[in-house]
Amino acid sequence: MRLAAAARGRSVGVPARRFVIQQHDASTLHYDFRLEVDGVLKSWAIPKGPSLDPREKRLAVQVEDHRLDYYDFEGVIGEGYGAGTVLLWDAGTYRNLDDERSMAAAIATGHAKFWLQGEKLTGGFTLQRTRGGAKPQWLLIKRRDDAADARRNPESTQPGSVKSGRSLRQIAREGT
Ligand code: MN
């Protein structure tokens, strides 16, 4: 079972690309989920963060693409848009699980499935667009595989930064 699940994460010929999740304590606390796609970071703001429970569908509001060099940012954003504290909550690589379409095409179509290999999150996830417009709404859903775990809640049990080990409070105090 475990081997079969791991094999599903592989995709022939396509190199793994980066993903990152930044916890962002701005006007509201949320998690910014970013996937490296064609030289940019496609980005979604997830109020509750990802869930490892396939029954828990998490709202993910698509926001503007970010520059690739933002992927490991952690620190304090001063005045203006996004002002607040950023903690690098998880990082790793992902693979597209769609054999038919590139990741860019899958996102454009409103349905993407991918395998995450992070420090806190692993396994398959689906992003499903439910509403278009200026700020498209999606749902991030854990796929049913060996990494699904309804009891594990990494947002509460593994809150620290994967970059520095710090808490949000420490980063807010110390800065970058
Ligand atoms: Mn944000």
Selection from the range 50-104 of residues that are more than 12 Å from the ligand (Cβ to nearest atom) and among the β-branched types (V, I, T): V76, T93
Criterion violated by R18 - all others in (1) modelled with pLDDT of 95 or more; (2) more than 14 Å from the ligand (Cβ to nearest atom); (3) within 17 Å of T126 (Cβ to Cβ); (4) not β-branched (V, I, T) satisfied: (3)
Strands (runs of 3 or more DSSP E) contained in the range 101-176 and holding at least 3 residues surrounded by fewer than 16 Cβ atoms within 10 Å (Cβ to Cβ) and not acidic (D, E): 122-131
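The values are calculated or read from the model by the stated rules, or taken from the named source; none is laboratory data. Since the model is a prediction, treat every value here as computed from it, not as a measurement. Cβ atoms come from the backbone with ideal geometry, glycine included; neighbour counts cover every protein chain shown.
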